[in-house]
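> Before we start, here is the structure in question, set down as structure tokens.
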Amino acid sequence: MNIESVRLFLEVADHGSINKVASRRQTAQSHISRQVSEFEKQLGGALFVRTGRGVVLTEAGRSAVPRLRRWLHETDALSESLRTEAGTLSGEVRLGIIPSAAHHLMPCIFQRLRQEHPGIRLNVIEAQGTELNAMLDSSSVDMAVVFRFQPPRGNDEKVLSIAHTFLVSAPGDALTSAPSIDFGRLRGLPLVLPRRPSQWRSALDETARSQGFTLDAVVEADSLTLQKELVTSTEGLYTVLGPYSIAQELQSGRLQASRLLEPDLFRLVTLAFPRQGKLSPASRCVADMMAHWSCPHTPSHKPFEA
């Protein structure tokens, strides 16, 4: 059985859409569709029903998913074990990560892997928290960097750092010139905020309601790049972001930020693992690097203490 065909089948099953998988892989939809059809022929029957909204697993497909996922995990583990015994740590590590942390963290991890374990390949998936949680539940990623508002209770998550919250503006703004500012000062400010539904947007809205006002979202946009560009180019416009998404702009002077207090609204950056399955040697190596990462120009952060 072709291992890449199995990977593709499981990816389409997880996303329920050939178009989404084609977009993620940056290839033509017809190419993915043809590969899926060939895999179905090899197994002797339809695994998906094509619909106007995507694809739905047939009864045979639903039966195949857990068995093929288990086969793929065992095959990968065997390959990596043999390589490890031969003295080479290698294999693919599927890492899900929130976009605000990806661009800052991944270059550091990649550079270390390239120097110390060039045989390990990273397969990085950027997604929001709800999608990453679903990927963890289905074991379609080996680990994920996610935001949490409460400390983890089990052993399947490890806190990496605390991400405090900042009011962000263009350089020279009087309001963000101070090191910190009370959350209540957001009352009446024109803001660029993420679109609903969003766990982060809900947390911001709820914090404002608890202080007796409503946030004035003059623009709603999920793209961090767009949020920052709007604020950079518009005097008197603000956004509310964490430290990792603005680290480079603060260093270069393109943005200015003041930490929000009263309350100290923070999120925990955690490394989460699927509840089922064991980590491969390559995955354990990457997880250890993530847990002890140190990178030049990293925003100020400290381990969480209960």
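> Show me the strands (runs of 3 or more DSSP E) found entirely inside region 197-299 where at least 3 residues are among the aliphatic types (A, V, I, L, M). Explain how you work it out, then say what you get.
Numbers: elements: 216-220, 238-241, 256-261, 267-272.
In region 197-299, 216-220, 256-261, 267-272 are the strands (runs of 3 or more DSSP E) which contain 3 or more residues that are among the aliphatic types (A, V, I, L, M).
> What single numbered condition from (1) of a type outside the set (Lys, Arg); (2) open to solvent by 70 Å² or more (accessible area, probe 1.4 Å); (3) at pLDDT 85 or above fails to hold for Leu57?
(2)
> Looking only at region 241-259, decide whether some residue is among the acidic types (Asp, Glu) and touching a residue at least 24 places away in the same chain (Cβ under 8 Å). Step through it out loud before you land on a result.
Initially, region 241-259 is screened for residues among the acidic types (Asp, Glu), giving 249.
Okay, now just the ones that are also touching a residue at least 24 places away in the same chain (Cβ under 8 Å), so none.
No, there is no match, as no residue in region 241-259 is among the acidic types (Asp, Glu) and touching a residue at least 24 places away in the same chain (Cβ under 8 Å).
> Could you say which residue among Pro194, Pro274, Pro243 is surrounded by 17 or more Cβ atoms within 10 Å (Cβ to Cβ) and in contact with a Lys or Arg (Cβ under 7 Å, 6 or more places away or on another chain)?
Result: Pro194 is the single residue among Pro194, Pro274, Pro243 that is surrounded by 17 or more Cβ atoms within 10 Å (Cβ to Cβ) and in contact with a Lys or Arg (Cβ under 7 Å, 6 or more places away or on another chain).
> Hey, another quick one. Between Ser33, Ser23, which is within 24 Å of Glu126 (Cα to Cα), open to solvent by 60 Å² or more (accessible area, probe 1.4 Å) and hydroxyl-bearing (Ser, Thr, Tyr)? It would help to see each step written out before you state the result.
Details: Ser33 fails: open to solvent by 60 Å² or more (accessible area, probe 1.4 Å).
Residue meeting the stated conditions: Ser23.
> Select from region 136-156 the residues that are in contact with a Phe, Trp or Tyr (Cβ under 7 Å, 6 or more places away or on another chain) and acidic (Asp, Glu) and list them in ascending order.
Asp156 - this is the single residue of region 136-156 that is in contact with a Phe, Trp or Tyr (Cβ under 7 Å, 6 or more places away or on another chain) and acidic (Asp, Glu).
> Here's a follow-up. When region 120-132 is examined, which residues are found to be open to solvent by 30 Å² or more (accessible area, probe 1.4 Å) and either within 22 Å of Leu89 (Cα to Cα) or free of Cβ contacts under 8 Å to residues at least 60 places away in the same chain (or both)?
Arg121, Leu122, Asn123, Val124, Glu126, Glu131
> Right, next: Considering only region 138-158, I want to know if a residue exists there that is of a type in the set (A, V, I, L, M), outside any helix (DSSP H, G or I), modelled with pLDDT of 85 or more and open to solvent by 30 Å² or more (accessible area, probe 1.4 Å). Can you show your working first?
Just the residues of region 138-158 that are of a type in the set (A, V, I, L, M), to begin with: 141, 143-146.
Of the ones still in play, those that are also outside any helix (DSSP H, G or I) are 141, 143-146.
Checking the rest, the ones that are also modelled with pLDDT of 85 or more come to 141, 143-146.
Now drop any that are not open to solvent by 30 Å² or more (accessible area, probe 1.4 Å), which leaves none.
No, region 138-158 contains no residue that is of a type in the set (A, V, I, L, M), outside any helix (DSSP H, G or I), modelled with pLDDT of 85 or more and open to solvent by 30 Å² or more (accessible area, probe 1.4 Å).
> Also, I was wondering about something else. Cβ contacts < 9 Å: first residue more than 12 Å from Leu175 (Cβ to Cβ), restricted to region 226-239; second residue open to solvent by 40 Å² or more (accessible area, probe 1.4 Å) and in a loop (DSSP other than H, G, I, E, B), any location; separation 6+ or different chain. Result?
Qualifying pairs under 9 Å: Lys228/Arg254; Glu229/Ser223; Thr232/Pro171; Thr232/Arg254.
> Let me ask you something else. Tell me yes or no: at least one residue of region 219-226 is farther than 30 Å from Gly154 by Cβ and of a type in the set (D, E, K, R). Break it down stepwise before answering.
Within region 219-226, the first condition is being farther than 30 Å from Gly154 by Cβ, and the residues that meet it are 219-221, 223, 225-226.
If we keep only those that are of a type in the set (D, E, K, R) too, we end up with 220.
Looking for residues that are farther than 30 Å from Gly154 by Cβ and of a type in the set (D, E, K, R), one finds at least one in region 219-226, hence yes.
> Just checking, which of Leu279, Leu255 is of a type outside the set (Lys, Arg) and at pLDDT 90 or above? Give the steps one after another, and end with the answer.
Details: Leu279 fails: at pLDDT 90 or above.
After ruling out the rest, the residue left standing is Leu255.
> At least 2 residues that are β-branched (Val, Ile, Thr) and in contact (Cβ under 8 Å) with a residue 24 or more places away in the chain in each: list the strands (runs of 3 or more DSSP E) lying fully within region 6-119 that qualify. I'd like the intermediate steps shown before the answer.
Values: elements: 48-51, 54-57, 91-97.
It comes to 54-57, 91-97.
> Do the conditions hold for Asp222, that is, is it among the acidic types (Asp, Glu) and at pLDDT below 95?
On the way: among the acidic types (Asp, Glu): yes; at pLDDT below 95: yes.
Taking the combined requirement at face value, the residue satisfies it.
The values are calculated or read from the model by the stated rules, or taken from the named source; none is laboratory data. The shown structure was predicted, so the numbers you read here are calculated from the model rather than taken from an experiment. Here the Cβ is made from the backbone with ideal geometry for all residues, glycine too, and neighbour counts use every protein chain on show. In case anyone asks, the SASA skips ligands and DNA or RNA and just uses the protein heavy atoms, side chains included. Shrake-Rupley method; radii C 1.70, N 1.55, O 1.52, S 1.80 Å.
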